[in-house]
Amino acid sequence: MPPVNLRHAVRALLLDEEGGHILLCRFAFARPGGTLVVWAAPGGGVESGETLLGALRRELREEVGLALDGEPPHVWHQVVVDPAHAPGYDGVVNDYFLVRTPHFAPRGALTDEQLAAENVTGLRWWRPEDIRGYRGRDVFSPRDLGGLLAGLDSGGLPETPVPVGL
């Protein structure tokens, strides 16, 4: 059996310290039958020779304009094996880090055109209860993002990254 080629990425669960909101990126993917909109934590691929935290720092500067200090806790680990999930790959590995930050207006180093080339079409602060109660056509990644955030809030930080599903 040939090895599985997974895209390794990092994501930041950016929670504002004041209101408990989480900053999410709006990704729009053209699919047969319509556009799939996915709200996901900012982040992206780990480049060759880059550490997870180095990639996280770079991605946050590029996408939302946040300079990350310190070493945030690594809270979730996600593996999705599905060739339709990441073009050119057999799937993706996402490592999620929890970052508490003052509320800010996100604006990264990338232009709107550069963000669009990465399928990012917007940024929004969400209340976790609005994610849990959402009934629209958009989806969240991970799909149970609202429940997972509630678990972080009530259970504290895990000692090791918690495996999460799609």
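Highest mean packing first, where packing is the average number of other Cβ atoms within 10 Å per residue, the peptides 124-131, 156-163, 67-74 line up as 124-131, 67-74, 156-163. Each residue of region 93-100 is assigned a 3J(HN,Hα), and the resulting list reads 10, 10, 10, 9, 10, 8, 10, 9 Hz, derived from the Karplus form 6.51 cos²θ - 1.76 cosθ + 1.60 (θ = phi - 60°), x at Gly and Pro.
From the helices alone, meaning DSSP H stretches of at least four residues, give me the mean residue ellipticity at 222 nm for the chain, per-run term -39500 (n - 2.57), in deg cm²/dmol to the nearest 500.
Numbers: 4 runs with 35 residues, N = 166.
Taking each H run of at least 4 residues, the total per residue is -6000 deg cm²/dmol.
Whole-percent P(r), region 36-91, all Cα pairs, 10 Å bins from 0: 19, 47, 31, 4.
Give, rounded to the nearest 20 debye, the magnitude of the charge dipole that the chain has about its Cα centre when Lys and Arg contribute +1 at Cβ and Asp and Glu contribute -1 at Cβ. Before the final figure, lay out the partial values.
On the way: 15 positive and 22 negative charges, 95 e Å.
The calculated dipole for the chain is roughly 460 debye.
Output the relative contact order of region 70-127, whole-number percent, from Cα pairs under 8 angstrom with separation of 6+ residues. It comes to 26 percent, rounded to a whole number.
Note on the chain: with a GNM built from Cα contacts shorter than 10 Å, the maximum mean-square fluctuation among VAL99, VAL81, VAL38 falls on VAL81. Going by a ≥ b ≥ c, the root eigenvalues of the Cα gyration tensor, does region 1-66 fall in the rounded group (a/c under 1.5), the prolate group (a/b larger than b/c) or the oblate group? It comes out oblate by the Cα gyration axes. When the accessible area of region 56-166 is computed with all protein chains present and a 1.4 Å probe, what percentage of it is carbon and sulfur? Of all accessible area on region 56-166, carbon and sulfur atoms account for 51 percent.
Derived from the Cα gyration tensor, the three semi-axes of the equivalent ellipsoid of region 69-118 are 25, 21, 7 Å, largest first.
Using a probe radius of 1.4 Å on heavy atoms only, what accessible surface per residue do you get for the chain? Whole Å² is fine. The partial results should precede the final answer.
Details: 8830 Å² over 166 residues.
Here the residues of the chain average 53 Å² of exposed surface.
Roughly speaking, what is the stretch gain from ARG26 to ARG61, that is 0.36 nm per residue apart minus the C-alpha to C-alpha distance, in nm to one decimal?
Working it through step by step, the gained length comes to 10.9 nm.
Projecting the Cα atoms of VAL92, PRO32, GLY122 onto the charge dipole of the chain (Cβ charges, centred on the Cα centre) puts PRO32 farthest toward the positive pole. The candidate values were (1) 45; (2) 51; (3) 55; the one computed from these coordinates for percent of Cα pairs over 20 Å apart carries the label (2).
The values are calculated or read from the model by the stated rules, or taken from the named source; none is laboratory data. The structure displayed is predicted, hence computed values, not measured ones. All Cβ positions, even for glycine, are placed from backbone atoms using ideal geometry, and neighbour counts span all protein chains on display. To get the accessible areas, we keep the full protein, side chains included, count just its heavy atoms, and leave off ligands, DNA and RNA. Shrake-Rupley method; radii C 1.70, N 1.55, O 1.52, S 1.80 Å.
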